[in-house]
1. Full-extension gain between residue 175 and residue 355, please, as 0.36 nm times their residue separation minus the C-alpha to C-alpha distance.
2. Given H placed 1.01 Å from N in the peptide plane, which residues other than close sequence neighbours of residue 142 have an amide H under 5 Å from its amide H?
3. Among 226/308; 50/320; 171/275; 35/87; 247/412, which pairs are too far apart, with a Cα-Cα distance over 22 Å?
4. Sequence-distant or interchain residues sharing an amide H contact under 5 Å with residue 400, placed H: which?
5. Scaled to the compact-protein estimate 2.2 N^0.38 Å, what is the alpha-carbon radius of gyration of the chain, rounded to two decimal places?
6. Taking region 36-116, which trypsin sites (Lys or Arg not before Pro) meet the DSSP loop condition and have no more than 14 other C-beta atoms within 10 Å?
7. Apply the Karplus parameterisation 6.51 cos²θ - 1.76 cosθ + 1.60, with θ equal to phi minus 60°, to every residue of region 110-120 and state each ³J(HN,Hα) to the nearest whole Hz, in sequence, with x for glycine and proline.
8. Only counting other Cβ atoms within 10 Å, I'd like 163, 408, 243 sorted with the fewest neighbours first.
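No lab work stands behind these numbers, since they all come straight from the coordinates. All of these numbers come straight from a predicted model, not from anything done at the bench. Ideal geometry is used to build each Cβ from the backbone, glycine not excepted, and the neighbour counts take in all protein chains shown.
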Amino acid sequence: MKICVIGIGYVGLSAALCFAKVGHEVFCVDKDENKLNKLKSSILPIYEPKMEEIIKNNSSHLFFTTDIKKALSETKACFIAVGTPTKENGEVDTFATFEVMDEIIKYAPNETVIVNKSTVPIGFNEKLRQYVAKNSSKNFEIVSNPEFLKQGSAIDDFLYPERVIIGTNSKKAQEIMLEIYKPFNLDEDKILIMDENSAQMVKYAANSFLALKISFMNEIANLCEKTNANIEDIKRGLALDSRIGDKFLNAGIGYGGSCFPKDTKAIVNIAKNYKTDLKTIQSAIEVNENQIEKFIQKIIDFYNGNIKNKTFALLGIAFKPNTNDTREAPSIKIIQKLSSLGAKIKAYDPKAQYSNVEQVENIENALLGADCLIIATEWEEFKNISIEQLQKLNDKVIFDGRNIFINRNLNKYGLKYFCIGKNEQ
Ligand code: UGA
């Protein structure tokens, strides 16, 4: 089927590549011509495993263009995957979606199925319908199909999803959506059809629930430190309870990225419009914001408030491993605060860049001459740092925000080790 995807960011690009991989003819549209030109030569704007291979192997039916008219002609379905950031006042900014809708109104064939992949406020499709009715005589089916892929495993998440949510009451739109997802060979019970408002709510609820899980574990971890309990054991004890599950139980310096912080704030704001308080989600947000502050304070307290001229090796800039994304990354707060107090920071990340810090090429250079080590992201390669390397730190102190060394008994080797949710004996 000919499919058009508008908005070639994380979600749009992953979806487009996967639709092409399963055999659809896919037209990718974006305003950023430079990005599209690079993609034409298989140069990716982001680091994401498996993307390069798909783009190279599917060039016969994967097109990148700014020509929206050409992309929309004879298409049956058009996916919108533009950003929906949060405004200063907490509202979801859907401006980009309306901009795209103007183009769709002009160029899409009548009856095209318009699929919203972006995370949008509940009730948004009806607003789009009213907008179309006001500005055109065309008729479109508007469907919500929220995306659940994670950065770092975007391709596998899209190709082998745990569920696909299709939000529409229109039989015709359902048929087209099922045709689009047919080549993915999913079990029937993984495709959930529901009304559009519920589909939009599932997305916010899923991200908020996961954020809650993380904030919950972070609170328990903080209490573990006070009570001499061990968060790793709590995690093991919870994970085997199938009602709880073993995922998203890692305590740390809080969740970041472009989704959890944005979507938790958005749903709280949406609820306010209905005079409803989402107390649990609001608390998850507050716990998350405090978590990074507590971690930074722990470092400052260790040095009795004086970190001027101290050199910190900071490992990890990305908000999580296997991505080069630094949006809402806890590392940036650490860099900003410690630098403002006069500390020197040498940062290393295998993929991510941040311009306001001295960034070095490898772990060795980050550790060279450093007084203290901070772990902000749990990249695999950080886990293999040897005891000998750590012992070279001038102050022999490590603040591990991701608990990667929690089971290595570092204190036995003359190191002072601080993690989240366990006091070293
Ligand atoms: C998240 C959701 O997991 C996806 O399902 C969703 O599609 C996506 O948002 C989105 O809305 O687009 P993502 O932000 O890519 O995906 O990354 P996650 O793997 O969910 O991690 C988010 C944050 O939580 C990271 O900062 C990570 O370090 C943190 N985290 C995760 C923890 O602190 N503890 C954990 O146990 C798990």
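1. Roughly 60.0 nm would be gained on extension.
2. The answer is 114.
3. Violating the 22 Å limit, Cα to Cα: 226/308; 171/275; 35/87; 247/412.
4. For residue 400, the qualifying residues are 375, 418, 419.
5. Rounded to two decimals, the normalised Rg is 1.07.
6. 87
7. 3, 6, 4, 8, 9, 10, 8, 8, 5, 7, 10
8. The fewest-first ordering by Cβ neighbours comes to 243, 163, 408.
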